[in-house]
Each structure stands twice: as C-alpha cells, then as structure tokens.
Amino acid sequence: MTARWYPIEEADDTLFATASLYHARSVEVPYSAQETWEALTGDGVSSWTKGMKRLTWTSPRPFGVGTTREIEMGGDFTLRERFFRWEEGHRKTFTGVAGTRSIFRHLVEDYVVEPTPYGARFSWRWAAELNRPWSFFGPALDKLSFAPVGRSHIDGLPGYMATQRAAADR
C-alpha cells in the first residue's frame, strides 16, 4: 500500500525566531569534530534517537544543499526532509517537505559541529508550527513527544559514538 503524503510548507532560519514550538540543546562530545560530523551524516542516527525507527538518505553522496532523506518514526509517521544549508564538516539545516500525517505546517532543524579543546560541541535547534487540529495539542505533544525525542537525539550521540569506537577497536 502506498503512503499518502501531506505537504509541509518549506521554511528557513526565520522560523527559529517565530515558531510556537522551539528547542535548542548542545552537548560536548569527546571525539573530534570530524568524527562527530561523520556520526551525524552516517546511517546510524536512528539507532540512538528515541522514537526513530529508520533514517534513509534519498540522495547520493556526496551530500550538499538539496540533499534529501526520510525519517521513519514510531506511530507509522514518516517525514521527508530537504537540506537548504550544507557546510561540510560544520553545519547542516533542513526543512520538512512532506509527512505521512498532516501534523506539521512548517519544520526546520539545524545541526552545528564545532571543535573544542576536548573534542567537539554539537549544537541543535528545532522549530515547528503545527497544522490544525494538532496545534490545539501543541504543548502536550511537545512535552510528551517532540522534547523527549530531541533530548534523546542530542544526549545519545556521545554514547553512540563510544559504542562505535569500542566496536571498531575490537
């Protein structure tokens, strides 16, 4: 059975200042900025992010502006994303373009990796506007779903990288 796709209006950085739903978080990672970037652009992202079942890059490498991917979440929801910024090794930002449920009106997500004296800092921002009737439940959805998924995505990265390093060292 073919999934029905609902369009999401593409957005840009201005959504970070105007969205009704917004999250930002950073984590220090004890690995180089290059290793951190590689983890964020690899295929393992879904293994440490709560609620994410699968990530599929739908564009060939090398990635850049215009790259697309699909994120399959729990609850039979899949999101299509298109990157409008790609600064290799440092920053990437996408907008949602379609979903299998009509939840989002606008959605943007931003990833920044910066070197630090002890490894790297991964900073993340996420902003969204919901369609009706979802918008009526925005605060509850945010508390029960969006915020925990975001926290798990950011906070789980160092542990995932440690597991990958241990497996490679065996």
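Throughout, read-outs are computed from the coordinates displayed, never taken from laboratory work. Worth saying up front: this structure is predicted, and the values here are computed from it rather than measured. Note that each Cβ is placed from the backbone with ideal geometry, even for glycine, and that neighbours are counted across all protein chains shown.
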**Message:** Can you tell me the orientation of helix 157-169 relative to the chain, as the angle in degrees between its alpha-carbon axis and the longest Cα principal axis, to the nearest 10?
**Reply:** 40
**Prompt:** Among S59, S46, S123, which one shows the biggest mean-square fluctuation in a GNM of the chain, springs joining Cα atoms closer than 10 Å?
**Reply:** S59
**Asked** Out of residues 5 or more away from R54 or on other chains, whose amide H comes under 5 Å of its own, with H placed 1.01 Å from N in the peptide plane?
**Response** E72
**Prompt:** Ranked highest first by the average count of other Cβ atoms within 10 Å around their residues, in what order do 161-168, 93-100 fall?
**Reply:** 93-100, 161-168
**Asked** How many nm separate the modelled label positions at Q34 and S123, each set 7 Å beyond the Cα in the direction of the Cβ?
**Response** 2.3
**Message:** Among [x] 30, 20, 14; [y] 55, 19, 11; [z] 26, 17, 16, only one was calculated for this model; which label is it, if the read-out is semi-axes √(5λ) of the Cα gyration tensor in Å?
**Reply:** [z]
